[in-house]
Amino acid sequence: MSEYPKYVDYGKHMTGGCQGFGRNIMKWPEDLIIGGIHRDNGTVTKAEALQSVFLVAGPHDVFLRFTGAKPDVKPGFDPSTWNDFKANAVIQAWQRNFTHHIYKHHLNRPDENVRVVHPLASTSIADMLEEFSQFQFFVIFIGYVLMILYASWTQFDWKGWWFSIQSASLIAILGVLLITFSSIAGLGLSSMIGVNFNAATTQIVPFLTLGLGIDDMFLLLHNYQELYLYSVRKNEIGVLLKETGMSICITSFNNILAFVAGIILPIPALRSFCAQTAILLCFNLLTTMFLFPALIASDLRRRKAGIRDMTPTCIPKGKITPTESTAQVLSTHNIVAAVHAHEEREHPWYSLEGILHRWYIPMLHNKFAKVVIIVICCLMFGFGVVGLYQSKLGLELADVLPEGTAPAAFLKAREQYFSFYPMFIVLKGPHIDYPNQQTKIEQLRAKVAESDFVIKVDGKTSEPYWMSLMRMWLISLQEELDKGFEKGVIDKNNGSLYIRSTTDERINDEMLLARRLVCSYGTKYNCEGRVRFVFKYMF
């Protein structure tokens, strides 16, 4: 290691890029290696990011390397079962272990803001998406429990030491469970017909369908309370569906058709998301219109029997049988009495209706609150317009990956410091004469290199294409062959060698290879009329 400098001037060496192990053809542009560059008189003095790329062998290459090897070449290696699939599994396992060790390396200290290493392999994003495509059952359970608590809180009515007869918390809880079971049934049907699950469907669809399904359930419950309060005593469920069913069907059909329209999207993940949501909404609609009214009918029987809510097995001590005159009076004055009862009813402060009547509605009547609300709405509209103007179309891959993960951090860092994208120009057509139109192809590449948005090396495009590399190699062979002719080592006519051994200092491997390529056909040699690989005047 004595030939290497002890204190390397990295800024000087990295200015303008650096050369790879193939120095004649491989030169890495500066923009591809370092990012966040600071300069002084054109020389790099500081860089905030350094990018390194490691190429990994393919599965077939690894398979060929160990084909026919002895069992003791690697621990656990079995030559009899070695194939391409196992070679691919070995490569993926190596990539996962490599990124894990780099991420957990003791020199990777993101908390100290000294050095942050962001590793990424070809398996990292696939593994991360596969992990987050699984159902997060604990999160879903917590969400559904909170929804059950909210539904029961909005429908409860307390009297004395227990729920009153007018409370409807039990059917609210059962309604949430019904929507849950219908969503599970919809997911089962989606899986059966072949709709794929992904991160969007597993993380969003359960909560989205729960919210939309609960919305219709609350609408039924609200009208059920109103109908009971207004003393509808005949065909209650029919009147309820007559008043509410049409609006539920229209809104549900609109939501279903909106997601069905999304099935034509060309993105498979979004197409699966829309298909699953449409199927689950159909199940929720059927559940809300057919099963949930049955629960309401059973709750209606409980109320008529005078049983408190949340105690379905309790039986009242006595049963009140109204006389005929009492029934007539009720039938005559039930609506007026119900209206007055509704207006004079005192709602507890801890209930949803109590919060609305005690604080929210009086606040809306206050003039100062009206002005504040209008100002806030105007500010929100203004912020929305500014945000819409500054918004950018498109979705980056880093936006899809979960926050706080190594792949997401890598992609964000690359977007910040190495924001470049590959571009390809494909020449295609039956009348393209590649050998005789190389000059035009070079002119095309030169025109592309003139753009300020193209990364260049020595004024040219950063990546030479296959024909230019082949031409450079052939020119180097032609130069060696010309040297052989000038030195008299190779006969120009028959290609014979005028040396006793190939170890002669006047000849080398490139010269021998050029002789074979130009002069030989089969086992014979003839160099007449075949003495050039490439005509330089073409370029």
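No lab work stands behind these numbers, since they all come straight from the coordinates. Predicted model, so just to flag it, every value in this text is computed and none were measured. In this analysis, Cβ positions are derived from the backbone assuming ideal geometry, glycine residues included, and neighbour counts consider all displayed protein chains.
Tabulated data
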item	result
Cleavage-rule hits (GluC sites (Glu not before Pro)) in segment 424-479: DSSP loop, at most 16 neighbouring Cβ within 10 angstrom	450
Where trypsin sites (Lys or Arg not before Pro) fall in DSSP loop in segment 54-118, at most 15 other Cβ within 10 Å	104
Normalised contact order of segment 90-192, rounded percent, pairs of Cα under 8 Å and 6 or more residues apart	16
Loop sites in segment 404-462: chymotrypsin sites (Phe, Trp or Tyr not before Pro), DSSP, at most 10 other Cβ within 10 Å	424, 453
Projected label distance in nm at residue 8 and residue 154, using a 7 Å step from Cα toward the beta-carbon	6.4
Relative contact order computed over segment 137-320 (Cα-Cα under 8 Å; 6+ residues apart), in percent	31
Ascending count of other beta-carbon atoms within 10 Å, so fewest first, for 201, 405, 461, 311	311, 405, 461, 201
Stretchable slack from residue 526 to residue 108, in nm (0.36 nm times residue separation minus alpha-carbon distance)	144.2 nm
Förster radius 45 Å - calculated FRET efficiency between residue 374 and residue 100 (Cβ-Cβ, nearest 0.05)	0.20
Among 218, 241, 202 - extreme Cα towards positive end, dipole of segment 137-320, charges at beta-carbon	241
Mean separation of Cα contacts under 8 Å, 6 or more apart, over the residue count of segment 50-141: relative contact order %	21
Alpha carbon centroid spacing (whole Å) that separates segment 187-252 from segment 469-484	78
Listed residue pairs exceeding 21 Å between alpha carbons, taken from 46/460; 460/483; 27/456; 27/460; 159/242; 27/428	46/460; 460/483; 159/242; 27/428
Three-way shape call for segment 466-538 based on the alpha-carbon gyration tensor, with the a/c threshold at 1.5	prolate
Theoretical FRET efficiency, 1/(1+(r/R0)^6), r = Cβ-Cβ of residue 57 and residue 251, R0 60 Å, to 0.05	0.55
In nm, spacing of pseudo-spin labels at residue 361 and residue 137 (7 Å Cα→C-beta vector)	4.6
Footprinting exposure proxy for 152, 52, 191 (fewest neighbouring C-beta atoms within 10 Å first)	52, 191, 152
